[in-house]
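The values are calculated or read from the model by the stated rules, or taken from the named source; none is laboratory data. It should be emphasised that the depicted structure is a prediction, and the values quoted were computed from it without experimental measurement. With ideal geometry, Cβ positions are generated from the backbone for all residues, glycine too; neighbour counts draw on all protein chains shown. To get the accessible areas, we keep the full protein, side chains included, count just its heavy atoms, and leave off ligands, DNA and RNA. Shrake-Rupley method; radii C 1.70, N 1.55, O 1.52, S 1.80 Å.
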Amino acid sequence: MRGTRGEEYAGGRRERITSLALGMLLALALCSGCAAPRAALGEHPPPAGALVVSFIDVGQGDAILVQSGGRNYLVDGGRPEAGPEVVDFLRRSGVKRLDGLVATHPDADHVGGLPQVLDAFDVSTVYLSGDTSATTTFTAFLRGVKEEGARVVESRAGMHFDWGGTPVTVVGPPPDSEGGLFPEDNDNSVALLISRGAARILLAGDAGAEEERYMSLGPYAGPLTILKVDHHGSSYSTTPLFLSRFRPRVAVISVGADNPYGHPTYQTLRRLKVAGAKIFRTDEDGDVVATIKDDELEVAVSRP
């Protein structure tokens, strides 16, 4: 891919991003080479002491596996047809059960594959925003949650969780004490800020300008190591205010090739480039797996 320095491994390529100093932001060190075969990603459990965040290529949709301290958490599951692919990726990543499952919002490209995940794995806790939908897809997901008997947590800004020793903070949508849910469904996406040492990762589903403004003006704004780009790179998300407050070093866009929405838009890509973010796209790079350990971030992709 793009870059000037690389490390070959098993016929593939990883991009290494190292910290400048303890407690400082992670700075980018580019590399070159060919991409890792998909089968080489997620074949084993994550290394001890590492935080691994895998952005699974599910086409036009989101599915993100977070692994820390022997615990496994899935954020969204793509469209219904992506369910088997997500289940396979989880199994290859050493997942035998899920300690948590997050449905950021009811859209089919985020929850469609989750019923199959619920069928394949025991799930301890399900995190929801409290926003609802009467669609067949979301109803099927809720039915699966009920049959699973998992604990359900309505997740709003200000809540804190421990995911295998990794602090996770909900930064959106607002709690009822701050006005509650927004009128637009996408703006009610469960937004999670994951921290590991100096690294900060933000996963915010399909958050649009209104939820992004709420997060930008809140207490958790600050530079990001990785941003999962909101709403697949829609022009209505990743606003200038949001980027100025969060300043991501790496941006991952989960998006389908030749999708009918024109995602990611030229405007969003330009804003990310102006902000100085290094961009990965699942339609071009396939699975994007970020490993953080000892103040070093390493990114592996599954396509050339």
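As a test, work out the antiparallel percent of DSSP beta bridges whose residues both lie in the stretch 156-263, rounded to the nearest 5.
About 65 percent, rounded to the nearest 5.
Taking 0.36 nm per intervening residue step and subtracting the Cα-Cα distance, what contour gain separates residue 241 from residue 122 on full extension?
Between residue 241 and residue 122, full extension yields an extra 38.8 nm.
Could you work out the relative contact order of the chain? I mean the mean sequence separation of Cα pairs under 8 Å and 6+ apart, divided by the number of residues, in percent.
20 percent
Expressed in nm to one decimal, what extension gain is obtained for the pair residue 258 and residue 294 from 0.36 nm per residue of sequence separation less their Cα-Cα distance?
9.2 nm
Given labels modelled 7 Å from the Cα in the Cβ direction, how far is it in nm from residue 274 to residue 195?
Spacing of the two 7 Å Cα→Cβ label points: 3.0 nm.
Calculated from the structure, Rg/Rh (Cα atoms, Kirkwood Rh) equals which of (i) 0.98; (ii) 1.05; (iii) 0.93?
So the calculated entry is the one marked (iii).
For residue 154 and residue 213, calculate 0.36 nm times their separation in residues minus their Cα-Cα distance, and state this gained length in nm to one decimal.
Contour length minus Cα-Cα distance gives 19.1 nm.
Evaluate the distance, in nm, between pseudo-label points positioned 7 Å from the Cα of residue 88 and of residue 143 along their respective Cα→Cβ axes.
In this crude label model, residue 88 to residue 143 measures out at 2.6 nm.
Using R₀ = 45 Å, calculate the FRET efficiency as 1/(1 + (r/R₀)^6) where r is the Cβ-Cβ separation of residue 267 and residue 176; round to 0.05.
0.85
For the chain, give the magnitude of the charge dipole about the Cα centre (Cβ charges: +1 Lys/Arg, -1 Asp/Glu; no others), in debye to the nearest 20.
1040 debye
Mind ranking 142, 118 by accessible surface for me, highest first, 1.4 Å probe?
142, 118
Heavy atoms only, probe 1.4 Å: what % of the accessible area of the chain goes to carbon and sulfur, would you let me know?
Carbon and sulfur: 52 percent of the exposed surface of the chain.
Pick out which of 259, 186, 72 has the largest mean-square fluctuation in a Gaussian network model of the chain, springs linking Cα atoms closer than 10 Å.
259
With N denoting the number of residues in the stretch 156-235, provide Rg(C-alpha) divided by 2.2 N^0.38 Å, to two decimal places.
1.04
Any lysines with Cα under 18 Å of the residue 273 Cα? List them, leaving off those in the same chain fewer than 8 positions away.
By straight Cα distance, residue 273 reaches 228.
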